[in-house]
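Let me begin by presenting the structure, written as structure tokens, before commenting on it.
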């Protein structure tokens, strides 16, 4: 078998469909942030002095500074998205339920409401 005939190894099984976080109540309503389809996306407030450089910087969407610098993370595992609070001061909530416990990820699905501090967002899955 030649190299061209060998099955090509793709890691698409662990890649999720395109996802995004859309601000619904906060500084920039309808502002959308793309999520990593593989790996993780950190959410928080940018702070060079404290070493916080989140992929999704919600500083402008959080006028009351209720979002921690290292607030939460979205990550993909086996093609599905998960949300995890990173020990934020004001909490992360899913669908207006109980506050997420730090370090205990939960699965999320299209249309879920995510509350980060006092900033309301919607998790959207886009067609692949």
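The values are calculated or read from the model by the stated rules, or taken from the named source; none is laboratory data. On a predicted model such as this, the values are computed, not experimentally measured, just so you know. Neighbour counts are summed over all protein chains in view; Cβ atoms, including those assigned to glycine, are modelled from backbone coordinates with ideal geometry.
Figures for the structure shown
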| quantity | calculated |
| --- | --- |
| Any hit, the stretch 41-60, residues being outside any strand (DSSP E or B), loosely packed, with under 15 Cβ neighbours inside 10 Å and touching a strand residue (DSSP E or B) at 6+ places or on another chain (Cβ under 6 Å) | yes |
| Filter result for the condition that a residue is within 15 Å of residue 19 (Cβ to Cβ), surrounded by fewer than 20 Cβ atoms within 10 Å (Cβ to Cβ) and in contact (Cβ under 8 Å) with a residue 40 or more places away in the chain, over 35, 94, 125 | 125 |
| Those residues of the stretch 95-117 which are touching a strand residue (DSSP E or B) at 6+ places or on another chain (Cβ under 8 Å) and within 20 Å of residue 28 (Cα to Cα), in sequence order | 111, 112, 113, 114, 115, 116 |
| Members of the stretch 17-40 found to be modelled with pLDDT of 90 or more and part of a loop (DSSP other than H, G, I, E, B), listed by number | 17, 18, 28, 29, 30, 31, 36, 37, 38, 39 |
